[in-house]
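Undergrad: Take this structure first; my questions come after.
Nothing in this text is a laboratory measurement; each read-out follows from the coordinates by a stated rule. Since the structure is predicted, the reported quantities are computational estimates derived from the model, not experimental observations. FYI the Cβ positions are ideal-geometry reconstructions off the backbone, even for glycines, and counts take in every protein chain you see.
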Amino acid sequence: MNALDEFLIDGIPTRDLEMLWETIGKIGTHGFISRAKQRDLYLSMQGITFTLSGVERPLPVDLVPRVIAVSEWQNLERGIKQRIKALEAFLADVYGDQELFKDGIVPKALIQSSEHFHRAAHGIKPANGVRIHVAGIDLVRDQHGTLRVLEDNLRSPSGVSYVLENRRTMAHVVPELFNGYAIRSVDEYPERLIAALIAAAPSGVSNPNVVVLTPGVHNSAHFEHAFLARRMGVELVEGRDLYCRNNKVFMRTTQGSEEIHVVYRRIDDDYLDPIHFKPDSLLGIPGVLNAARANNVTIANGVGNGIADDKAIYAYVPKLIEYYLNEKALLPNVDTYDLKESDQLDYVMSNLSELVVKPVAGSGGYGITIGPKASKKELEVVAKEISTNPRNWVAQPLIALSTIPTVQEDGTLSPRHVDLRPFAVNDGKEIWVLPGGLTRVALVEGNVVVNSSQGGGSKDTWVLSDETQAPAPAIEVAVLESDPLKSDVVPQMQGPDVLPISRLHQQEEQQQQSPNTEVKDA
Amino acid sequence: MLSRLAESSFWLGRYLERTEGISRLLLEFHQLLIQDQRSHIARGCALLTHGLGLEMKAQNSQTLVEIVFGEDSNPSTIRGALQGVRSNARSIRDTLPSDFFESINRLNAAAESFDPKSPGSSLKNILDRLAVSNGIYEWLAPSDESSHFFKLGRSLERMDLVSRLLSLKIEKEWRDQGPATTLRAVGGLSTFLKARVPITAERVRHFLINDPSFPRSLFESGRMAEISLREIAQVNRTSADTILKPIGLLGSQIHFLGNDVEEEERIIARTPLAVEETSEAIRTAFFRPVGSIVWSN
């Protein structure tokens, strides 16, 4: 099974990429070695890091970008919006009237057996109806070139800060690659997110107080939490900074208590509220769920969203799109075997060595067994675990993830497998998709697990802008009315030292002569 | 003190600040332009050269880098401003801490190795060296009349640069990246974000005009200029009021600005003029210019 290369077909770059390929050739092997050094220095100076197993290190961004054509992006954007719309409806249904069980769309047992289904979230109605404020939809391109959804991340998908920083890093380290390309900007993400969070505030609050809740500096994504809080201009808090009283959430400040209206939390449901979930959680805010139920605070993303990105529910998403939106799914899934069905279970058990087996509740690439690469013993262990509790597992055929040329340590290029995680923000009126997203790349040859928690790197992802359709975005009439270029050029002032060159030389010559005179005199 | 020394201290302050201001501006513009729509690049380049008072026209980000990095003879470019730093530092070398003089030479070496192909790292290098030079001056230079002239020059140059930056309207031109870029171009992003309010074009303009906590806001630089000038006037037993009038008026306009957007525009347009008037008044009062005498038969 041959993977498709997105960049080169039979060694020749696709049309959009010719110029880029030429520039890459000009930089050359030696060029890439020195640029890689510059990049590492830049990343560590900027403190753009990812904590892996307790060690803080830069998230390596590869120096060859990924390019997505305009037309493909437009389809992708539509597909992502559709998916999120359906999943929002699904969540509202599951935690509300549960019509879908009556209509027999998804077996009730499948939902109730999910460890992400939280009864405690039942009946919490978000003020603007949004539960998925931020989504990260993971996509892979199969050997035929089709982009397929691999999984939905609707709890707290991370990585968006690297999308913004990767662009800056690339512009800093390899500016010449940008020559001749017009790329859609990614910089407005924080503004979109804060607008969506403000829109999600409980009704009746005119000037909501928004915070970002982080588990703390030891979390792998702490850089991102700090980045978002800074860029959105809101406070970055830990659980111990907040407390609940009378079903309201407050923040401790030197000027007394301050009420909080929206908590953009980057901690898991399990740790969010020790009253309802893990009683020994030190990271959460006791009582925050009750405050949300009383409509005094909005928790973003919603509590219990995990049910919608559960890997066993994933197989039902195309069906959910039809049920809630009456549309066909625009983005196909990866085929998934439902191990509760005995015939499918039998097939999987006898073909384990060719399939990928994933725990339904897992994330971050942990616990995945890739059949063709696993040892006999590993397969036996998995087989045993599956037969004990088939609900906890799903199986999928192995997809040959597409590849993109990636810079190696010796400066040469070599194809490496990639995936794509576009990010979407829902403000209740519109779902906005960040142009591009995070391309993760497996830096080890042949490796198909790209998760950053598994030592993967990333690539700057360019969505080319369609200049014919989108005029240069910001030249508004209002700006042109008082166009700065129409004003007179105001020269900068000069100090006294800039004499006319002739006079300057004259003075210099005379000054140079005087020591000689002194010597003579002495 | 000697008028010549006073004048060189004043211009040393101005050119150091100018080198930093243009470097930051170029760094950020370059970032902005290489990602931009093709049709928009020429306009973006024109904005920067126009704002810096340069006559040359750039076609793409690389020629823009070359033009703004510039040459020794043009003090509106990085090289030219650096040349101003060096020549003024040289002429008052005996009064400067030797560590500072050394740091200026290192700064110059950093500029010598400027690589227009990767302006990002080169400019960061220059900015690092500038920070060292400014730091050494703060720690080691005696707080005397000379340092008051230095700081006065720095404050006036700041006002000039910030008003030039604001007149480019980057934050309106590039709606998404513009506001953050404007702040980065004066190193003000972190200070702005401390207020914990979202970045909008209006807030950014307001912040750079009259935020009292940011040392480079027009208001704060004006206030610092006034403090330095009053110190100088006291030493020289003269009154600073007449000299201060242009920036003093500006200061009170900023103080009573409120949310008047049109008045903001007027203030931005008036600032370079007020700086020039003040600079001229300082020259007449303290540097005792004489017409250049050329003997001839």
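Undergrad: For A:Lys429, give me every one of the lysines with a C-alpha distance below 18 angstrom, ignoring sequence neighbours fewer than eight places off in its own chain.
TA: Once the sequence-local lysines are set aside, what remains near A:Lys429 is A:Lys81, A:Lys85, A:Lys125.
Undergrad: Still on this structure, I have one more. For each of A:Leu434, A:Leu464, B:Leu96, A:Leu52, count neighbouring Cβ atoms within 10 Å of the residue's Cβ, then give the residues from fewest to most.
TA: Ascending number of Cβ neighbours within 10 Å: A:Leu52, A:Leu464, B:Leu96, A:Leu434.
Undergrad: Give me, ordered by chain and number, the residues 5 or more places off A:Glu235 or on other chains with an amide H under 5 Å from its own placed amide H.
TA: A:Val212
Undergrad: Throw me the Rg/Rh for the stretch B:175-221, computed over C-alpha atoms with Kirkwood Rh, two decimals.
TA: 0.92
Undergrad: Any idea which of B:Val261, B:Thr284, B:Leu183 is furthest toward the positive side of the dipole for the stretch B:144-291, if Lys and Arg beta-carbons carry +1 and Asp and Glu beta-carbons -1?
TA: After comparing all options, I get B:Leu183.
Undergrad: Given H placed on each backbone N at 1.01 Å, which residues far from A:Val67 in sequence or on other chains put an amide H within less than 5 Å of it?
TA: Hits under the 5 Å cutoff: A:Trp462.
Undergrad: Which shape class applies to the stretch A:166-205: rounded if a/c is under 1.5, otherwise prolate when a/b exceeds b/c and oblate if not, where a ≥ b ≥ c are the square roots of the Cα gyration tensor eigenvalues?
TA: prolate
Undergrad: Also, I was wondering about something else. Can you give the convex hull volume of the alpha carbon atoms of the stretch A:335-398 per residue, in Å³?
TA: 76
Undergrad: Among DSSP bridges having both ends in the protein assembly as shown, what percentage is antiparallel? Round to the nearest 5.
TA: 75
Undergrad: How much net charge surrounds A:Arg421 when only other residues with a Cβ under 11 Å from its Cβ are counted (Lys, Arg +1; Asp, Glu -1)?
TA: -3
Undergrad: Given 0.36 nm per residue, what is the gain on full extension from A:Thr254 to A:Trp21 after removing their alpha carbon distance, in nm?
TA: That pair, A:Thr254 and A:Trp21, stretches by 78.3 nm at full extension.
Undergrad: Need one value for A:233-241: mean number of C-beta atoms belonging to other chains within 10 Å of its residues' C-beta atoms.
TA: Partner-chain Cβ atoms within 10 Å, mean over residues of A:233-241: 2.
Undergrad: Moving to a separate point now. Scan the stretch B:110-187 for trypsin sites (Lys or Arg not before Pro) in coil per DSSP, keeping those whose Cβ has at most 16 other Cβ atoms within 10 Å, and list them by number.
TA: B:Lys117
Undergrad: Here is a follow-up. Might you report the magnitude of the Cβ-based charge dipole of the protein assembly as shown about its Cα centre, with Lys and Arg at +1 and Asp and Glu at -1, to the nearest 20 debye?
TA: 940
Undergrad: Set the Förster distance to 41 Å, then compute FRET efficiency between A:Asp280 and A:Asn389 from the Cβ-Cβ distance, nearest 0.05.
TA: 0.95
Undergrad: What FRET efficiency would be calculated for the residue pair A:Glu445, A:Gln74, taking the C-beta separation as r and a Förster radius of 45 Å, to the nearest 0.05?
TA: Once the sixth-power term is evaluated, E becomes 0.85.
Undergrad: So, one more: Between A:Asp488 and A:Glu115, what is 0.36 nm times their sequence separation minus the Cα-Cα distance? Round to one decimal in nm.
TA: 127.6 nm
Undergrad: Using label points projected 7 Å from each Cα along Cα→Cβ, tell me how many nm separate A:Ser53 and A:Tyr243, to one decimal.
TA: Computed distance between label sites A:Ser53 and A:Tyr243 equals 4.0 nm.
Undergrad: Give me the lysines in straight-line cross-link reach of A:Lys373: C-alpha distance below 17 Å, same-chain residues under 8 apart excluded.
TA: A:Lys358
Undergrad: Using 7 Å Cα-to-Cβ label points, what is the B:Glu202/B:Ala269 separation (nm, one decimal)?
TA: 2.1
Undergrad: Order these by the 10 Å Cβ neighbour count, fewest first: A:Glu341, B:Glu28.
TA: Ordered by Cβ neighbours within 10 Å, fewest first: A:Glu341, B:Glu28.
Undergrad: Kindly provide log₁₀ I(q)/I(0) values, in the same order as q = 0.14, 0.17 Å⁻¹, from the Debye equation applied to equal alpha-carbon scatterers of the stretch B:144-291.
TA: -0.66, -0.91
Undergrad: Something else now. Which of the lysines could be linked to B:Lys245 by a straight reach, that is with a Cα gap under 28 Å, when you skip same-chain ones fewer than 8 residues away?
TA: B:Lys151, B:Lys169
Undergrad: Along Cα→Cβ, 7 Å out, is where each label goes; now give me the distance between the ones at A:Lys376 and A:Lys340 in nm to one decimal.
TA: About 3.5 nm, to one decimal.
Undergrad: Among B:Asn105, B:Ala46, B:Leu5, whose Cα sits farthest toward the positive end of the charge dipole of the stretch B:1-140 (+1 at Cβ of Lys/Arg, -1 at Cβ of Asp/Glu, about the Cα centre)?
TA: B:Ala46
Undergrad: Taking the Kirkwood radius as the inverse of the mean 1/r across Cα pairs, report the Rg/Rh of chain B.
TA: Checking Rg against Rh, the ratio lands at 0.97.
Undergrad: Note the direction-averaged projected area, equal to a quarter of the hull surface, for the Cα convex hull of the stretch A:98-228, in nm².
TA: 13.6
Undergrad: Still on this structure, I have one more. May I ask you to compute the full-extension gain from A:Ser350 to A:Lys37, defined as 0.36 nm times their residue separation minus their alpha-carbon distance, rounded to one decimal in nm?
TA: 107.8 nm
Undergrad: Tell me, what does the Kirkwood hydrodynamic radius of chain A come to in angstroms if you use every pair of distinct C-alpha atoms?
TA: Kirkwood radius, chain A: 25.8 Å.
Undergrad: In percent, how large is the relative contact order of the stretch B:154-257, given Cα pairs closer than 8 Å and 6 or more residues apart?
TA: 25
Undergrad: Then there's this: Placing +1 on the Cβ of each Lys and Arg and -1 on the Cβ of each Asp and Glu in the stretch A:78-136, which of A:Gly129, A:Leu100, A:Gly79 has its Cα farthest towards the positive end of the resulting dipole?
TA: Projecting each Cα onto the dipole axis, the largest value belongs to A:Gly79.
Undergrad: Filter the trypsin sites (Lys or Arg not before Pro) in the stretch A:201-298 to those in DSSP coil with at most 14 other Cβ atoms within 10 Å of their Cβ, and list the result.
TA: Within the stretch A:201-298, no trypsin sites (Lys or Arg not before Pro) qualify (loop, at most 14 other Cβ atoms within 10 Å).
Undergrad: A further question follows. Exposure proxy check: B:Cys45, A:Cys244 ranked by fewest other beta carbons within 10 Å?
TA: A:Cys244, B:Cys45
Undergrad: To continue, here is another question. What is the distance in Å between the Cα centres of the stretch A:185-209 and the stretch B:16-45?
TA: Result: 30 Å between the Cα centres.
Undergrad: Enter the Cα centre distance for the pair the stretch A:378-417 and the stretch A:243-310, rounded to the nearest angstrom.
TA: Between the Cα centre of the stretch A:378-417 and that of the stretch A:243-310, the gap is 36 Å.
Undergrad: When the dipole is taken about the Cα centre of the stretch B:1-140, and only Lys, Arg (+1) and Asp, Glu (-1) are charged at their Cβ, what size is it in debye, to the nearest 20?
TA: 220
Undergrad: Quick one: Karplus J couplings for the stretch B:268-282, per residue in order, coefficients 6.51, -1.76, 1.60, θ = phi - 60°, nearest Hz, x for Gly and Pro?
TA: Once θ is set to phi - 60°, the couplings for the stretch B:268-282 become 4, 5, 7, 4, x, 5, 4, 5, 5, 4, 4, 4, 4, 5, 5 Hz.
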